[in-house]
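Take a look at the structure below.
The values are calculated or read from the model by the stated rules, or taken from the named source; none is laboratory data. In this text, all values refer to a predicted model and were calculated from it rather than measured experimentally. FYI the Cβ positions are ideal-geometry reconstructions off the backbone, even for glycines, and counts take in every protein chain you see.
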Amino acid sequence: MNDVRELIVIGGGPAGYTAALYAARANLSPLVIEGFQWGGQLMITSDVENYPGYPEGVMGPDIMADFRRQAERFGTEFVTDDVTRIELGERPFRVWVEDVEYRAKTIVIATGASARWLGLEGEQTYQGRGVSACATCDGAFFKDCELIVVGGGDTAMEEATFLTRFARKVTVVHRRDEFRASPIMLDRARQNDKIEFVTNAVVDEITGDGKVEGVVLRDTVTGRTWKQPVRGVFVAIGHDPNTKLFVDQLDHDDAGYLITHGGSTATNIPGVFAAGDVQDHTYRQAITAAGSGCMAALDAERFLAAEEGHEGTALTAPRPEAAEV
């Protein structure tokens, strides 16, 4: 068992590393339990062109390495392992990695969310080379191409509509002939001349040579299969927040996303904060995750300062050699 820390950050993506950066500069000496698969969803993203500060674009793993290195520069400690148990019933909070126990006065949960996939071998083979789960992230790479969006909910309609800004044609493939999407989103997609619908169909295979060149579709009623040439496959069947360890102790919505209160990152347990995709099912962008990670560090620092009877200022006061941005 280790000494009681000021702050433990659980999760190693944009939100977690940004929270650690701000907390480290506030002399909170944060510990980040980043997980085996540190870096979040950007670790499976090739080119990132929409993160400010990288005008030429950047590889997903490279930007996450930059995030991590910057947090480490100011004294953040890291445990590259997964949290196996957590106890938030009393303070100090207790976090376990296998048999090793860590204790902290405050916790920032930044475990993110994971995209749901179809379970096809080609999804892994062509991830970053034509297979994506984020139209906002990758749509601009498919100018004047033919694309497929898989799904039947609001997310699929939104992704398909967004992709028509770049693609020549977008085909929405749905396994049933009825959609879960709201009428307004479905009508908007149907009124778009670039969008076509293939219902009662599933993707059986993703094909290509180094990058996506087509898919094999199967009719769920007749069993008939056919090939369709496309340059990109966007899987839009939803995301799952990585909250399994927390849902019995923290307020969450029906989908499992943690609920934060009062325009802050505070959860229902004082001293526990949530940042990034683990509490955001709307935007799900690296920059919004990083922003909420900053908020969580500010909230945690001010929470600790309030317990000591003064306002938190460490994060807002400029360093002598460089003003805050």
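Just a few scattered comments:
- Residue pairs meeting the criteria (Cβ under 8 Å; at least 6 apart or on separate chains; first assigned to a loop (DSSP other than H, G, I, E, B), in the stretch 248-266; second among the aromatic types (Phe, Trp, Tyr) and at pLDDT 95 or above): Thr260/Phe273; Ser264/Phe273; Thr265/Phe273
- Here the strands (runs of 3 or more DSSP E) wholly within the stretch 177-223 that include at least 1 residues being among the aromatic types (Phe, Trp, Tyr) are 195-198.
- Failed item in (1) within 14 Å of Gly152 (Cβ to Cβ); (2) surrounded by 14 or more Cβ atoms within 10 Å (Cβ to Cβ); (3) within 26 Å of the chain's Cα centre (by Cα), with Ser182 passing the rest: (2)
- The stretch 1-43: number of residues that are of a type in the set (Val, Ile, Thr), over 15 Å from Val83 (Cα atoms) and buried (at least 24 other Cβ atoms within 10 Å of the Cβ): 1
- Scanning the stretch 267-278 for residues that are within 17 Å of the chain's Cα centre (by Cα) and either within 23 Å of Pro92 (Cα to Cα) or of a type in the set (Asp, Glu) (or both) returns Phe273, Ala274, Ala275, Asp277, Val278.
- Every residue from the stretch 109-160 that is of a type in the set (Phe, Trp, Tyr), crowded, with 16+ Cβ neighbours inside 10 Å and part of a loop (DSSP other than H, G, I, E, B): Tyr126
- Residue within the stretch 77-95 that is closer than 24 Å to Val149 by Cβ, surrounded by fewer than 19 Cβ atoms within 10 Å (Cβ to Cβ) and in contact with a strand residue (DSSP E or B) (Cβ under 8 Å, 6 or more places away or on another chain) present: no
- Some residue of the stretch 63-74 being assigned to a loop (DSSP other than H, G, I, E, B) and more than 28 Å from Gln124 (Cα to Cα): yes
- Residue in the stretch 252-292 that is surrounded by the most Cβ atoms within 10 Å (Cβ to Cβ), counting only those that are over 25 Å from Glu49 (Cβ atoms) and polar (S, T, N, Q): Thr265
- Residues of the stretch 254-298 satisfying the condition of being among the acidic types (Asp, Glu) and either at pLDDT 95 or above or within 23 Å of Arg85 (Cβ to Cβ) (or both): Asp277
- Within the stretch 110-120, being in contact (Cβ under 8 Å) with a residue 60 or more places away in the chain and not basic (Lys, Arg) holds for Ala110, Thr111, Gly112, Ala113, Ser114, Ala115, Trp117, Leu118, Leu120.
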